[in-house]
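See below for the structure under consideration.
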Amino acid sequence: MHYIEVILPLPLPGVFTYVLKASELKENPVGSRVIVPFGKRKIYTGIIAKVLDGPAPSQYTVREVLEVLDDEPIITGKQLEFITWISKYYMSAIGDVYNSAIPTNLKLSSESYVAILPDVEIEYGDLDDHEYNVIQFLEKNELSSDEIRQITGLKNPYRILKSLRDKGYINLFEKVRDKYVSKKETRVRLSSDFNTEEALDNLTQILEKHQKQLDVIIAYLKKVDVLHDPSLNDRGISRKDLLSAGVSKSSLQTLIRNDIMESWDQVVDRFSFDDLEIRESPDLSDLQKLKREEIEKAFHDKQVVLLKGITGSGKTEIYMDLIRDRISKQEQVLYLLPEIALTTQIIKRFRRVFGDRFGIYHSRFSDNERAETYQNCLKGKYDFIIGVRSAIYLPFHHLSMIIIDEEHETSYKQYDPAPRYHARDAAIYLAHLHNAKVLLASATPSLESYHNAREGKYGYVELNERFEAQPLPEIAFADLVRARQQKKLKGSTSAVLLEAIESSLVHGKQVILFQNRRGYAPFIQCNNCQHIPKCPNCSVSLTYHIYQNQLICHYCGFKQYYDPNCQSCNSDKLRTVGVGTEKIEEELGLLMPDVRIKRMDLDTTRSKYAYQQIIDDFESGEIRILIGTQMITKGLDFEHVNLVGVYDADRMIHFPDFRSHERAFQMITQVSGRSGRKYERGKVIIQTSDPDQTLLKHIREGHLDLFYEQELKERANFRYPPFYRLIRIVVRHRDKQTALQGANQLYILIKKDLGDHRTLNPVEPVVSKIRNFYIYEILIKIEKHQVNLSAIKEFLQACRDTLLALPTFKSLLIHFDVDPL
């Protein structure tokens, strides 16, 4: 018998000890999956974290592992070390990290099943209608809990099941189910009796009177040249491909039934690109070659290098060259992109050069697709991976470089659920484990990365020219105050921007319009009583979505149909306040009815391929005006866009957050970079009520260094990153008073040791109630140097545990957000 420590996919601290029979212990068990019991009836897939030496624990009874699933580990040693680091640094349960790291379909779980007890006599007169109906089905077969719900029509059928169990009629049990399903393809081929010229001649004569069957054979031979190479028949052709030639489905079935053709199911790779045309990658310009050499030179001294390259400077071509060099040495590369920038454009560019030598990993993939990418990576099938933040968890064997494009992007940070990690920072630690290099790249680096480069912690390379010396766009401002005074506003669009749009369209160009707020209007207001409809679960107003005719909460998803009468006074004098992407689309549609306009926001890109379809249509010129949220600000390269319009810049700049100026600078600069990337100089028009504000002048003049230096001075004065570390403690409860009291008690416990200068008073965030939970936050500011960060984190967790041990506060929900954004 051997005792092992197992990580379970549960939000619980630590690991759990189980006993494993000696006969089931593999040569290298750490990282393998095991099925273990947990609690009274649950079964989970865990990961072996450690094989223990010594006797059995004496404090508790150790339960036995039910089954070892893997002959070889599915998590490497470095992955396990990385998962442990994420758990400790980001103050998350290791089970939460495991849940985040391993694709859902590689984790078996148990599902509740119901069966009639053997040899039981059922008193049917003792049953109500629902119970009788369930028993009728159970007499034929056991049922899952989902099937019970369908039979009864009840969302929660547990009262019925409890009643039947109390009467001694049924047994509830758990059944393990494997979620991963391989992709299969039905293939067909000629029977081996007919793959010679003579046999085919005889077959043709036999089928003379059966023209449709003969058509099937002819179509097959056109696609599979059996006469030239008989071995091709072994592989056959997909049934779908053969039927696409227009042959009869029933005739094909007849041929299979008569043993003239054969049919079988074959497991296939979900990511096969056999028919892809591979091209040579474009040559680097002299400037790109120079910058690539500077990057390699900087890697001699530094593990991390920051590449600050302006929009349209050709950074992607440099990445390709770096990747080609690494994979030629049998090394692996991880290329990270923010979710919104992982478009079909970038995938197509890489497929043309590298074919199927790389894998893709992002949230739009199905569970099975993510599981397959994970397994292919484990087997070493890919030379490199292009993925979003969760790709840092993939199993690499020879990782030598991580490229993090748009490294400033906030979507690299995981917010909910735990672990609340930042993929950029975690990737730097991952590279350290593999002794790999990290290239951070952006036209507008994060202030933290910029500071680290300026201080000499990172290498630093600048690329300040656009590809082929294409000029940066001209930036102009549309003064909204003056436009209102002169009555030159058409809805939300100024006359200056409208004229520029019309001019672009006349010249056959395309336009991108940026408004970082989806929906039709942020809220509806009654002119009579000033009532604003609010979410019953959150402390926010409901956003009006005109196409759904609904008021929707963007925090919890609550929806209600729009009522044209005020809920408070029944007045019909309602007005929309503010502007979202839907409203801009509607207004421009009325002004330009013959122009195809499309939105790209969360509402229009929910389906798997919607994002791809919109981009393809815009790239082909079908869409003339594209309106969108921050989805359109980066990762896109359209050669015919010569105008970008920015709405509501003031709201971004003045948002109540210490990072608001940095984010506004980055977002407006990035979306501006979509204009004039080819052929001629583009233009950007920013709508603002204050064109003279300093930030906008910095954007227009491209004074990134000057702006960043000013921001760094303010950050140092007010003790914010990059000079201090932040840990945000979030306290939640359904009762507001309990949440406030708990936050105050936690603040007192922490302040005793950390002091007033590090511990800020509990405050309500801007949105202080979400999903019926009231929220209070405590911000901890910690010096970057001469402090034991691990000890401080352990102390904070101990304070939380002390508070939750008190009966009054045991129902509080408390989590930590390390390095919050």
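Can you figure out the FRET efficiency of Leu154 with Phe718, using R₀ = 51 Å and their beta-carbon distance, to the nearest 0.05?
0.35
Please compute, over every Cα-Cα pair in segment 645-730, the percentage with a separation greater than 21 angstrom.
38
Along the Cα→Cβ direction, 7 angstrom out, place labels at His397 and Tyr679. What is the inter-label distance in nm?
The modelled label-to-label distance comes out at 4.8 nm.
Go through segment 510-617 and name the chymotrypsin sites (Phe, Trp or Tyr not before Pro) that are in a DSSP coil and have 13 or fewer other Cβ atoms within 10 Å of their Cβ.
When the chymotrypsin sites (Phe, Trp or Tyr not before Pro) of segment 510-617 are filtered for loop state and at most 13 Cβ neighbours within 10 Å, Tyr547, Tyr609 remain.
State the extension gain, in nm to one decimal, for the chain segment bounded by Asp286 and Leu591, taking 0.36 nm per residue of separation less the distance between their alpha-carbons.
Details: separation 305, 0.36 × 305 = 109.80 nm, distance 4.65 nm.
Once the chain is fully extended between Asp286 and Leu591, it gains 105.1 nm.
Go through Lys162/Lys559; Lys457/Lys713; Lys315/Lys509 and tell me which ones have a Cα-Cα distance over 23 Å in this structure.
Lys162/Lys559; Lys315/Lys509
Sorted from largest down, what three extents in whole angstroms do the Cα atoms of segment 704-813 have along their principal axes?
Here the Cα extents, ordered largest to smallest, are 52, 31, 19 Å.
Sort by residue number and name the cysteines in the chain that have no neighbouring cysteine Cβ under 4.7 Å.
Cys377, Cys556, Cys799, each lacking another Cys Cβ under 4.7 Å.
Run the paramagnetic zone check for Tyr555: 7 angstrom along Cα to Cβ, then residues of segment 647-673 with backbone nitrogen under 17 Å.
Those under the cut-off are 656-657.
For the chain, give me the percentage of DSSP beta bridges that are antiparallel, rounded to the nearest 5 percent.
Taking every DSSP beta bridge with both residues in the chain, the antiparallel ones total about 60 percent.
Mind jotting down the distance between the C-alpha centroids of segment 1-20 and segment 688-713, whole Å?
Cα centres, segment 688-713 to segment 1-20: 53 Å.
Which one, Phe816, Leu472, Pro73, projects farthest toward the positive side of the charge dipole computed for the chain from Cβ point charges (K/R +1, D/E -1)?
Phe816
Suppose only helical runs count, i.e. DSSP H with n ≥ 4. What mean residue ellipticity at 222 nm does that imply for the chain under -39500 (n - 2.57) per run, divided by all residues and rounded to the nearest 500 deg cm²/dmol?
Calculated mean residue ellipticity at 222 nm is -10000 deg cm²/dmol.
Return one whole number: the accessible area per residue of segment 35-176 in Å², for a 1.4 Å probe.
54
Beyond 19 Å, what share of the Cα-Cα pairs of segment 389-543 is found? Please give it as a whole percent.
Counting every Cα pair in segment 389-543, those more than 19 Å apart make up 75 percent.
I'd like the distance separating the alpha-carbon centroids of segment 443-518 and segment 206-252, in whole Å.
57
DSSP loop (so not H, G, I, E, B), at most 11 other Cβ within 10 Å: list which trypsin sites (Lys or Arg not before Pro) in segment 481-581 pass both filters.
Within segment 481-581, the qualifying trypsin sites (Lys or Arg not before Pro) (loop, at most 11 other Cβ atoms within 10 Å) are Lys487.
Apply 1/(1 + (r/R0)^6) to the Cβ-Cβ distance of Ala469 and Asn435, taking R0 = 45 Å, and write down the FRET efficiency to the nearest 0.05. Write down the numbers at each step before the final one.
Values: r = 38 Å, r/R0 = 0.85.
With a Förster radius of 45 Å, E is 0.70.
Segment 678-748: which GluC sites (Glu not before Pro) are DSSP loop and have at most 14 other beta-carbon atoms within 10 angstrom?
Those that pass, being in a loop and sparsely packed, are Glu680.
What order do Glu468, Glu369 take when sorted by accessible area (1.4 Å probe), most exposed first? Don't skip to the answer; put the middle values down first.
Values: Glu468 145, Glu369 30 Å².
Heavy-atom accessible area, descending, gives Glu468, Glu369.
Show me, bin by bin at 10 Å from 0, the whole-percent P(r) of segment 481-575 based on Cα pairs.
The calculated distribution, bin by bin, is 14, 31, 28, 21, 5, 0.
Under the definition of Cα pairs under 8 Å and six or more residues apart, what whole-number percent is the relative contact order of segment 552-684?
Once divided by the residue count of segment 552-684, the mean separation gives 19 percent.
What number in nm² do you get for segment 535-630 if you take the convex hull of its Cα atoms and divide its surface by four?
It is 7.7 nm².
Tell me the Kirkwood radius of segment 365-409: reciprocal of the mean inverse pair distance over distinct alpha-carbon atoms, in Å.
Taking every pair of different Cα atoms in segment 365-409, averaging 1/r and inverting gives 11.5 Å.
Ranked highest first by average number of other Cβ atoms within 10 Å, how do 492-503, 623-634 line up?
623-634, 492-503
Taking R0 as 30 Å, what FRET efficiency do you get between Asp119 and Arg63 from their Cβ-Cβ distance, rounded to the nearest 0.05?
It comes out at approximately 0.50.
Return the Cα extents of the chain along principal axes one, two and three, sorted largest first, each rounded to a whole Å.
Per principal axis, max minus min of the Cα coordinates gives 83, 76, 69 Å.
Please report, to one decimal in angstroms, the Kirkwood hydrodynamic radius of segment 75-139 built from all distinct Cα-Cα pairs.
Answer for segment 75-139: a Kirkwood hydrodynamic radius of 16.2 Å.
Tally up the carbon and sulfur contribution to the accessible surface of segment 564-617 as a whole percent, 1.4 Å probe, everything protein left in place.
Reported share for carbon and sulfur atoms: 48 percent.
Given the peptides 48-57, 811-820, 239-248, arrange them by the average over their residues of other C-beta atoms within 10 Å, most packed first.
Answer by packing, highest mean first, reads 811-820, 239-248, 48-57.
Would you mind telling me the share, in percent, of accessible area of segment 320-479 contributed by carbon and sulfur at probe 1.4 angstrom? Provide the component values of the computation, followed by the final result.
On the way: 2320 of 5240 Å².
Roughly 44 percent, rounded to a whole number.
Highest mean first, how do 388-394, 638-644, 524-530, 430-436 rank when packing is the count of other Cβ atoms within 10 Å averaged over residues?
388-394, 638-644, 430-436, 524-530
Where in segment 671-713 is the amide nitrogen less than 20 Å from a point lying 7 Å along the Cα-to-Cβ axis of Glu639?
What the label zone holds, given the 20 Å backbone N cut-off, is 673-683.
The values are calculated or read from the model by the stated rules, or taken from the named source; none is laboratory data. Values in this document were obtained by computation on a predicted structure and should not be read as measured data. Reconstructed Cβ throughout: ideal geometry from the backbone, glycine too, with neighbour counts over all protein chains shown. Ligands, DNA and RNA are stripped out before the accessible areas are found, and what is left, the full protein with its side chains, is counted by its heavy atoms. Shrake-Rupley method; radii C 1.70, N 1.55, O 1.52, S 1.80 Å.
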